[in-house]
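Visitor: Got a structure here, written out as structure tokens. Questions coming.
The values are calculated or read from the model by the stated rules, or taken from the named source; none is laboratory data. For clarity, every value in this text was computed on a predicted model and none was experimentally measured. Using ideal geometry, Cβ is built from the backbone for each residue, glycine included, and neighbour counts are taken over all protein chains shown.
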Amino acid sequence: MTDVETSSSTKSITRVVVIGLLIAVAGGVAGLLWWRAHRHQAPQPLMLYGNIDLRQVDLSFNGSERIAAILVQEGARVRQGQVVARLDTRRLDPQVAQAEAQVAAQQQVVARLHHGSRPEEIAQARANVAAAHADAANARQQYARLASLSTERAVSQQDVDNAAAVRDMDDAKVAVDQSALDLAVIGPRTEDIAQAEAQLRANTAQLALLRQQLQDAQLVAPVDATVRTRIMEPGEMASPEKPVFSLAITNPKWVQAYVTEPDLGRVHLGMPASIRVDSYPDRRFAGWIGFVSPVAEFTPKAVETEQLRPSLVYEVRVFVTDTSDALRLGMPATVSLSPDSGRVR
């Protein structure tokens, strides 16, 4: 090969290398320009870090009495309305029976006043009036007879005075019996009926209170929950200030996490989420954002993020679907949010 041919071949190779470099640079520039143009169209998932949280209830009796029975143990699942403990009601049962008897008796009093006098009572009152009239007529005749004899000195003045007294007494008895008849016909007074009805209401209210106390002697679970702690035992004196159980409400559960202010605009209520915990590395729990705090706060020291920064954050609650009850209170959790996702709740 001649020197001319060698020089020509070198120039050709150099030309190919330069053209390749130019093409590579142009491709890189084009890729950079494309990335800058489309980087806001495909945002990366937002990662939040927090802990599993749930509500807890301290359950106590509404009255003060000795505990008769505790019906569940720690770890037991209880349903809403399930009886979990009972108080001793041996002193309360007789009070309820007494109040029931008082209500029944007062109901009869009210019924009697509303019905008024019976026909037989009115007939008896009329008979008493008739008898009083007969006695009064006889007393007047007796007085007239003795008065006429007194002019002839046939009877003493004392006998005449006694006859006059008997006459006046019989006339007064007629007035009394007539008033009794009028009252029997008219019936009881409106005020007496109102008083009897008010007493019945008072007795009924007292009975309702005692029955409520009897019902409160049974401690029931307010919601579906798990018994976290059994605090008191049978034989101890219960009171409203002393919890008997501590219950963990297993539904709903949520991850308490925090989002920084720059990422706050990427979060909205109802956004679907995927939750992962260290105890189940191959499992993902479905969830959604159910609460975003309207108030900013400084980053809590307990927040487990990859980079802790002293900046303002907002609390977020990511509710979790956990039908198998696998998640426990305080578990560290990682939440993955897709900003382009729609709402699920």
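Visitor: Check Arg77 against each of (1) crowded, with 16+ Cβ neighbours inside 10 Å; (2) in contact with a Ser or Thr (Cβ under 9 Å, 6 or more places away or on another chain) and name the one condition it does not meet.
Guide: So Arg77 meets the others, but not (1).
Visitor: Can you run down the residue pairs with Cβ atoms below 9 Å, 6 or more apart or on separate chains, where the first is in segment 95-112 and within 15 Å of Gln195 (Cα to Cα) and part of a helix (DSSP H, G or I) and the partner is of a type in the set (Gly, Ala, Ser) and at pLDDT 95 or above?
Guide: From segment 95-112, the pairs are Gln106/Ala202.
Visitor: Could you give every pair whose Cβ atoms fall below 6 Å, whose first residue belongs to segment 271-300 and is closer than 17 Å to Ala333 by Cα, and whose second residue is assigned to a strand (DSSP E or B) and of a type in the set (Ser, Thr, Tyr), counting only separations of at least 6 or pairs across chains?
Guide: Ser274/Ser336; Arg276/Thr334; Arg284/Ser274
Visitor: Return yes when Leu149 is of a type outside the set (Gly, Ala, Ser) and surrounded by 17 or more Cβ atoms within 10 Å (Cβ to Cβ) and no when it is not. Steps first, answer last, please.
Guide: Details: of a type outside the set (Gly, Ala, Ser): yes; surrounded by 17 or more Cβ atoms within 10 Å (Cβ to Cβ): no.
In short, no.
Visitor: Moving on. Looking at Arg90, Arg86, Arg66, Arg145 in this structure, which one is among the basic types (Lys, Arg) and part of a helix (DSSP H, G or I)? Steps first, answer last, please.
Guide: Numbers: Arg90 fails: part of a helix (DSSP H, G or I); Arg86 fails: part of a helix (DSSP H, G or I); Arg66 fails: part of a helix (DSSP H, G or I).
So the residue among Arg90, Arg86, Arg66, Arg145 that is among the basic types (Lys, Arg) and part of a helix (DSSP H, G or I) is Arg145.
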